[in-house]
Amino acid sequence: MLSLTVASLIIFLVVQVLPGDPAQVVLGVNATPDALAQLRHQMGLDLPGWQRYLAWIGGILHGDFGTSQVSSAPVAELIRQKLSVSAPLALLGMAVSVLISVPLGVIAGVRYRRLSGALISALSLGGIAIPAFWAALLLITVFAIRLHAVPAGGFVAWSDDPVGAFKSLLLPAISLGLVQGAILTRYIRSSIVDVLREDYIRTARAKGLTRWQALRRHGFRNAAIPVVTVLGLQLTSLLVGAVVIENVFYLPGLGRMLIQAIGNRDLVVIQATVMLLTGVVLVVNFLVDVSYRLLDPRIRATR
Amino acid sequence: MRPAVALWAVVALFACSGTPTPSSSPKASTKSTIVVGVTQEPTTLDVTAQATAAIAEDLRDNVYEGLVRTDPTGKIVPQLARSWDLSPDGRVYTFHLVTARFHDGSPFTADDVKFSYDRAMDPSTVPANPHVDYWAPVQSVDVVDPHTVKVALKQFSDGFLFHMGQGSAAIIPKSTRLATTTPPVTNLATSPVGTGPFKFESWNRGASLTLVRNESYWGTKPPLQKVIFKYITDPNAMNNALLAGDVDVVSGVTGPEQLGSFTNNTSFKVLEGRPTGKILVAMNNAAGPTKDIRVRQSISYAIDRKAFIDGIQQGHAVPIGSHAVPNDSEPYYIDLTGLYKQDKAKARQLLSEAGYPNGLTLRASLIPFAYARRGGDILASQLAEVGIKVQAQNVEFPLWLDQTFTKHNYDLTIINHVEPRDIGNYGNPKYYWGYDNPQVAQLLKQADAEQDQTKRSDLYSQVERQIANDAVNAWIMSPNSLAVIKSSLHGYPQSRVSPSIYLGAAYFS
């Protein structure tokens, strides 16, 4: 709660110092000064800062995120619409990333001195070096333009056509997942390599277990802790950081809305979106903390 | 002036095919839905509420109509007014209206015209019309009978009728109400109601806008059943969408170098239309080194327009030498590109006469549109050759509005003035370039009030020449409108001189 309050203050202050005027954006370059003043009044921009802050926070506490200054649409509704794209996209991207990185990372870790391990390692470096948008363009060229298997972009609402909606998220999720997966592979690999050097693995091996058996019984849980941390960070960055991919596939997601709102100086939308993201980060961090306790009995014991 | 992409608006009654479209008999087998790829999304669907060009682009002439409309060449043609008379003294327009219905079923009458115009003229209207200035010449609007309306002007104004063809001069039903939001909007903001050939169906913010055919349209019914505008900002994504068949039209080509993949492909047609918009290097005439006419002339002499045209538009543009464009919306155009031909020696000489023998540094504020950013690089290299260092400042559009447009805190900026017939801005000393010449202001007033076409054009030409002589700005080019469409599509507007992408005549073969 304290972190959220502090965050809300910081967000509000930063947004206020953004130069530029939403009223001018709305009325354009031919607007008369009177019309501008009138619109600023309607937008509540002529009130002192502390009043606007209190009004905003008060609204949020009542579940009212306000209305967009540029389109007058309710912000909660706008965010809900964008989340119906961004949340599944982030989760799908995560799923792709995990599906790729867990097997590859483990093999690369276990066989880190062999050729196959080195190859996976090199491949993942390549994956990190490839920008997501480039992967996206390749995927579009092959699957959308050549094969016509999926659309080149755009989004159909879940309520209209769930299969179509899923299809339109497929390529973006793969583009995101490939790059995130490459990063995750490296974390999993080094985490496994570290674990394999631990005393308890050596002891387990001495008891007669094979490398795999030792890893399965004693290694994975330990190796998972740093990986879960990275996973948590990736999830939040996928939620809004997918803006480049949203542009390539012209998906109406959260990232694009935020960029547009900044371009239009739609202060209320910016504040609400950043606030929401702050909330998500806090929740994800909390879940990550919880998962530590599940994964590692020692952490459970110390609390 | 809106920062819209070079091309902005639209369409022809019988556009590129040149033949009238089969009105009521679209073959059942042909495609009846068109998907148009557009760069900019409207911020609201109330065409009378905001200045964003994208609103009129999608909705004017398709959903909303006005008394008159601007045809693809820039001429004024009848729309809801089937004809009009002008009193001999040029002060009173009598408009004779068509019989039509709004999409909500209510009849369109003279009362709606009076309501729309009175509302637009009144600066205290909420939300305010962004173009109150269009109605500045109007004294009163009077209903004669349900199908006749009289508009009395303070004096004849050449600009008045032209402006009634623009987006914000659309006729809206008198039942239009205000919703209780902050800031307040009308019911049209989310569900537009007009008299046009298409009705609003749905708006998926950030993704698309869908219109369907108005089955009880008063005029020729459109061949198409459904129109979908898809909003795609990334030029690569736009191209891919066309190649993959997700869209049928790329309405505004922002990077002409991307035409390559379409020019030799028979599945697609590239439509190159008439020039619209004026890309210019605007200069601060009121403050800083550019206050000195010799510095401004020096800059004008330093510029090679061809490099800009090739670098920004790959040649798809015409050079301009003053604030007018060779299309029918500005019939007073004269070619003044010969006034300042690139002459580096002269540019350097003028600079040292102005007191800068060792050159100087000027700031250039550049908004994130391709023409401005690329133009900034070309400008910097050309001015460097005569000893002017350009310090580029990349700014977002709201910041540009604030610093450059409102506070006049700038030396140079590159901008595309897309509004037609905007030469009147040179009579406003408070406009952002700060040009104060009472003689020009007087000429502009005379020109607008002059009924005789020849005399009027002559007065405007004098203004063009005077502002060019004073090197108020360095005018570069007017980009040709460029669109890419599927070859099977006909009746799509070849040019974009009017404010809208009119699709009432479009059909697939």
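Results, tabulated for the structure shown:
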| item | result |
| --- | --- |
| The protein assembly as shown: calculated mean residue ellipticity at 222 nm from DSSP helix runs of at least 4, using -39500 (n - 2.57) | -13000 deg cm²/dmol |
| Tensor-based shape of the range B:302-359 (alpha-carbon gyration tensor, a/c under 1.5 rounded, otherwise prolate or oblate) | oblate |
| Shape call, the range B:59-174: gyration tensor on alpha carbons, a/c limit 1.5 | rounded |
| Part-to-part distance (alpha-carbon centres) for the range B:245-290 and the range A:158-188, which is given in Å | 34 Å |
| For chain B, share of DSSP beta bridges that run antiparallel, in % to the nearest 5 | 75 percent |
| B:ARG363/A:LEU138 FRET efficiency (R0 45 Å; Cβ-Cβ; nearest 0.05) | 0.65 |
| Restraint check, B:LYS75/B:LYS150; A:LYS82/B:LYS199; B:LYS31/B:LYS306, Cα-Cα greater than 31 Å | B:LYS31/B:LYS306 |
| Average other protein chain Cβ within 10 Å of Cβ, residues B:230-240 | 6 |
| Relative contact order (%) - criterion: Cα under 8 Å, at least six apart; region: chain B | 27 percent |
| Gaussian network model of chain A, springs between alpha carbon atoms under 10 Å - residue of A:GLY253, A:GLY66, A:GLY58 with greatest fluctuation | A:GLY58 |
| Neighbourhood charge, 13 Å Cβ-Cβ cut-off, centred on A:GLU246 and excluding it, Lys, Arg +1 and Asp, Glu -1 | +1 |
| Shielding by partners, peptide B:241-253 (average Cβ within 10 angstrom, other chains) | 4 |
| Inter-label distance for B:ASP111 and B:ALA179, nm, one decimal - labels placed 7 Å from Cα along Cα-to-Cβ | 2.5 nm |
| By average C-beta atoms within 10 angstrom, highest first, the peptides B:473-486, B:252-265 | B:473-486, B:252-265 |
| Exposure proxy order (Cβ contacts within 10 Å, fewest to most) of A:MET94, B:MET121 | B:MET121, A:MET94 |
| Label zone at B:ASP85, where the point sits 7 Å out along the Cα-to-Cβ direction: the range B:105-136 residues whose backbone N lies under 19 Å | B:110 |
| Simple label model, 7 Å out from Cα along Cβ direction - A:THR229 to B:LYS341, nm | 7.1 nm |
| Charge dipole (debye, nearest 20) of the protein assembly as shown; +1 at Cβ of Lys and Arg, -1 at Cβ of Asp and Glu | 3720 debye |
| In degrees, nearest ten, helix A:267-295 long axis to first principal axis of chain A (Cα) | 20 degrees |
| Centre separation in Å (Cα based) which lies between the range A:73-123 and the range B:476-492 | 41 Å |
| Sum of side-chain charges, B:GLY359 neighbourhood, beta-carbon under 9 Å (Lys, Arg +1; Asp, Glu -1) | +2 |
| Kyte-Doolittle mean at least 0.0, axial Cα span of 15 Å or more - DSSP H helices of chain B | B:370-384 |
| Neighbourhood net charge (13 Å Cβ-Cβ; Lys/Arg +1, Asp/Glu -1) for B:PRO479 | +3 |
| The range B:107-213, dipole about Cα centre (Lys/Arg Cβ +1, Asp/Glu Cβ -1), debye to the nearest 20 | 300 debye |
| Net dipole in debye of the range B:411-509 [+1 Lys, Arg Cβ; -1 Asp, Glu Cβ; about Cα centre; nearest 20] | 380 debye |
| Label-point separation, B:SER32 to A:ALA149 (7 Å along Cα→Cβ), nm | 3.4 nm |
| For A:152-160, mean number of other protein chain Cβ atoms within 10 Å | 6 |
| Taking A:VAL26, A:VAL284, A:VAL6, B:VAL395 and counting other C-beta atoms within 10 Å, the order from fewest to most | A:VAL6, A:VAL284, B:VAL395, A:VAL26 |
| Additional length obtainable on full extension of the chain from A:LEU61 to A:ARG216, 0.36 nm per residue less Cα span | 51.1 nm |
| Two-site FRET efficiency, B:GLN453 against B:ARG373, from Cβ-Cβ distance with R₀ of 30 Å, rounded to 0.05 | 0.15 |
| Fewest-first ranking of B:SER267, B:SER365, using other Cβ atoms within 10 Å as the exposure measure | B:SER267, B:SER365 |
| Positive-end residue of B:PRO420, A:LEU92, B:SER267, charge dipole of the protein assembly as shown with Cβ unit charges | A:LEU92 |
| Within the range A:216-250: backbone nitrogen closer than 14 Å to the A:TYR200 label point (7 Å, Cα to C-beta) | A:216-226 |
| Using alpha-carbon coordinates, inclination of helix A:2-17 to the longest axis of chain A, degrees | 50 degrees |
| Prolate/oblate/rounded call for the range B:173-262, Cα gyration tensor, a/c under 1.5 rounded | oblate |
| Residues B:GLN155 and A:ALA87, FRET efficiency given R0 of 60 Å [Cβ-Cβ distance, rounded to 0.05] | 0.50 |
| Distance cut-off 39 Å, percentage of C-alpha pairs in chain B lying past it | 25 percent |
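Each value in this text was obtained by applying a stated rule to the coordinates, not by laboratory testing. Quantities reported herein were computed from a predicted structural model and do not represent experimental measurements. Ideal geometry is used to build each Cβ from the backbone, glycine not excepted, and the neighbour counts take in all protein chains shown.
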